[in-house]
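Novice: Sharing a structure, written as structure tokens. Questions coming.
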Amino acid sequence: MTRPTGPFHSLTPTDKATLRRLLRDGLTLRAAATHAECNYRHAWHFAHAHELIDYQPHTHRQDQTEQFLDLIRTGHSVHAAATTTGVGSTRARRLATEAGLHLPRTRHQHKIAATELRITYLRLRLAGLPRPHAAEATGINRRLALDIDKGLVKTTGPRQRFIPAGPDATTYNRLMTALITRTDVIEQGRLAEPALPAGLNPYTPISSRYLSMDERIQIADLYREHLSVREIARRLGRSASTISREIRRNHSAEGPYRAETAQKKATVRRLRPKTPKLLGHKALYDYVVAGLRAEWSPEQITGRLPVDHPDDQDMRVSPETIYQAFYLDTKGRLKDLGLQLPTGRKKRHLRHRPRTGGQGRFVDAMVMIDDRPDEIDERILPGHWEGDLILGAGNQSAVITLVERVSRFVALGHLPTDHTSTSVLTALTGMISRLDESIWSSITWDQGSEMAGHKAFTMATDIPVYFCHPGSPWERGTNENTNGRLRRNLPKSSDLSRYSAEDLEVIANIHNHKPRKALAWATPAEVMAQALQETGSIT
């Protein structure tokens, strides 16, 4: 094999001796050439001619090329294949193009690809990731990430504003606006002078509440004379915070405060509708959708967010925002996903609804709720339950519902045939036997006929039963609230006998894993597990 030869006559004897010594000491060729202050190409030919470094023949380069092309044929991108095999980016595109595995992009296609890349990065930034982490996840360097944050693109001259292209251009503009205004990546004052919609006159006075064009001219003149914010506010009869906020938000992109630019920025900021928060924050949007799919209410989603994301203030949304995403046409996007609220309502209505009266009394002696120990009312110790029946269509079928007062843990009982006293108490006894006996201290029920055998039940299980007054469902408020929640899964118009015991267990698990406001947005299952651990039932 013939080793390469070439011009290294420019190297002096001192350079050659220095190169020999440095290469034998373990330095790389480039480091040795830099240290010797000689031409790298001449140093390369000298080192190969004198066998100071290993020469890689063309066959190795050919193997590298074949490996690179094989990766592309198996579905790898040009960039991924080049990174894996160590082929340079320029050579990689040339080899892939010559092999017919890559079509060179036009300038427009490059802009479309750049728009898609920036959208991926912006979604990560709006999800709360810092710039270095978002850049690493997207596979870009930090310098490009900084340009994307600012909405700029590198050119042969000064950096210019990036103009998106393709079908995702609108999405890019929406996300970029959300990043600028919500995370304060760019101060509002640094935004360029906005383009006004056709027919909108920004100089028309609106109200004395807002700064007018004349006042902004005075602010610009006085600020140019280096007067303090408080002095400018005193002369205009405005508060100092109004002037400070005006100068900070509406100064020109170059820095100085100009009245005309400030007037246009303020006018554009008042335009409605604005981008809804859910549409501008993908992580928050996905969290809300996942919560609704799990049959959480908007209030449960709002309350659980600080528990799951305690350090991310962007992961916050009010229940009203979620409701508006359903009920307002201008913001309604959640219905398009086939989702529905826990109530299943299509429209809003008044919250108050009249309730009907209670049940009849028993012949057997009852222990009334007035005689119930105070510790049950105070919800201090777990193990005290409230129970009732949920009836199906025509009152022909029923399901037993039990809810624990402290943890709001739900247990459902299967009634396959009827809901007579015998069937209910038999099913109730079976439910108690399936759960830990330490969490059964008492049951509070209404005066329905299904509890006619309550005395025999208490003697068999050693669990006292307390009864509410007739027509007083609020005395079992926890159970009534739970029954209302369960109606989404057990509709009043359905035959409840068709639900098997396994089906009822699945429904109970859904509700036991929903965060509850009364539990500081913990779930009933979490609170019940903690209670069992404290009582020593589980380890």
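Novice: Hey, which of these cross-link pairs are over 28 Å Cα-Cα: LYS154/LYS265; LYS150/LYS282; LYS455/LYS514?
Specialist: Result: LYS455/LYS514 exceed 28 Å.
Novice: Provide the per-residue ³J(HN,Hα) series for the stretch 404-416, in order, calculated from phi with Karplus coefficients 6.51, -1.76, 1.60 and θ = phi - 60°, each as a whole number of Hz, with x at glycine and proline positions.
Specialist: These are the phi-based 3J(HN,Hα) values: 7, 5, 7, 8, 6, 6, 9, 10, 10, x, 8, 10, x Hz.
Novice: May I ask you to give the average projected area over all directions of the convex hull of the Cα atoms of the stretch 402-539, in nm² rounded to one decimal?
Specialist: Approximately 8.8 nm², given one-decimal rounding.
Novice: For LYS16, which aspartates and glutamates qualify as cross-link partners when the Cα separation must be under 19 Å and same-chain residues fewer than eight apart are set aside?
Specialist: List returned: ASP25, GLU37, GLU51, ASP54.
Novice: How much of the accessible area of the stretch 213-258, in percent, comes from carbon and sulfur atoms when a 1.4 Å probe is used?
Specialist: Within the stretch 213-258, the accessible surface is 46 percent carbon and sulfur.
Novice: Of the listed values (1) 68, 60, 43; (2) 64, 55, 50; (3) 119, 78, 43, identify the label whose number matches Cα extents along the principal axes in Å calculated from this model.
Specialist: Answer by label: (3).
Novice: Express the accessible area of the chain per residue in Å², computed with a 1.4 Å probe while the remaining protein chains stay in the model.
Specialist: That works out to 57 Å² for each residue.
Novice: From the phi of every residue in the stretch 468-473, what ³J(HN,Hα) in whole Hz does the Karplus formula 6.51 cos²θ - 1.76 cosθ + 1.60 yield, where θ is phi - 60° and glycine or proline is x?
Specialist: Running phi through 6.51 cos²θ - 1.76 cosθ + 1.60 with θ = phi - 60° gives 7, 6, x, x, 10, x Hz.
Novice: Taking R0 as 60 Å, what's the FRET efficiency between ARG142 and MET459 from their Cβ-Cβ distance, rounded to 0.05?
Specialist: 0.20
Novice: Still on this structure, I have one more. Which of the trypsin sites (Lys or Arg not before Pro) across the stretch 64-163 are loop residues per DSSP, with 16 or fewer other Cβ within 10 Å?
Specialist: ARG105, LYS154, ARG159
Novice: How large is ³J(HN,Hα) for each residue in the stretch 514-519, as worked out from phi by the Karplus curve 6.51 cos²θ - 1.76 cosθ + 1.60 (θ = phi - 60°), to whole Hz, x for Gly and Pro?
Specialist: 9, x, 10, 4, 5, 10
Novice: Also: I need the calculated FRET efficiency for the pair ARG234 and LEU152, taking r as the beta carbon distance and R₀ as 35 Å, to the nearest 0.05.
Specialist: Once rounded, the FRET efficiency stands at 0.35.
Novice: A follow-up question, please. So if each residue of separation counts as 0.36 nm, and I subtract the Cα-Cα distance between ARG316 and LEU117, what length gain in nm does that give?
Specialist: 69.0 nm
Novice: Could you pull out the GluC sites (Glu not before Pro) across the stretch 84-188 that fall in loop regions by DSSP (anything but H, G, I, E, B) with no more than 13 other Cβ atoms inside 10 Å?
Specialist: Counting only loop positions with at most 13 other Cβ atoms within 10 Å, the GluC sites (Glu not before Pro) in the stretch 84-188 are GLU187.
Novice: What number do you get for the stretch 460-539 when its Cα radius of gyration is normalised by 2.2 N^0.38 Å, N = residues?
Specialist: The stretch 460-539 yields a ratio of 1.34.
Novice: Give me the extension gain from THR34 to LEU271: residue separation times 0.36 nm, minus the current Cα-Cα distance, reported in nm with one decimal.
Specialist: 79.3 nm
Novice: Going by accessible area, probe 1.4 Å, with all protein chains left in place, what is the ranking of HIS513, HIS50, HIS102, largest first?
Specialist: HIS513, HIS50, HIS102
Novice: Based on DSSP H runs of at least 4 residues, each adding -39500 (n - 2.57), what is the mean residue ellipticity at 222 nm of the chain after dividing by all its residues, to the nearest 500 deg cm²/dmol?
Specialist: One gets -14000 deg cm²/dmol as the mean residue ellipticity at 222 nm.
Novice: Between GLU534 and GLU502, what is 0.36 nm times their sequence separation minus the Cα-Cα distance? Round to one decimal in nm.
Specialist: Length difference between fully extended and current span is 8.6 nm.
Novice: Any chance you could give the angle, 0 to 90 degrees and rounded to 10, that helix 501-512 forms with the longest Cα principal axis of the chain?
Specialist: Once rounded, the angle reads 60 degrees.
Novice: Only sites in a loop by DSSP and with at most 13 other Cβ atoms within 10 Å count here; which GluC sites (Glu not before Pro) in the stretch 205-249 make the cut?
Specialist: GLU225
Novice: Report the FRET efficiency, 1/(1 + (r/R0)^6), for ARG487 and ALA99, where r is their Cβ-Cβ distance and R0 is 45 Å, rounded to 0.05.
Specialist: The calculated FRET efficiency here is 0.10.
The values are calculated or read from the model by the stated rules, or taken from the named source; none is laboratory data. As the structure is a computational prediction, the values presented were derived from the model and not from experiment. With ideal geometry, Cβ positions are generated from the backbone for all residues, glycine too; neighbour counts draw on all protein chains shown. Ligands, DNA and RNA are excluded from the accessible area calculation, which covers all protein heavy atoms including side chains. Shrake-Rupley method; radii C 1.70, N 1.55, O 1.52, S 1.80 Å.
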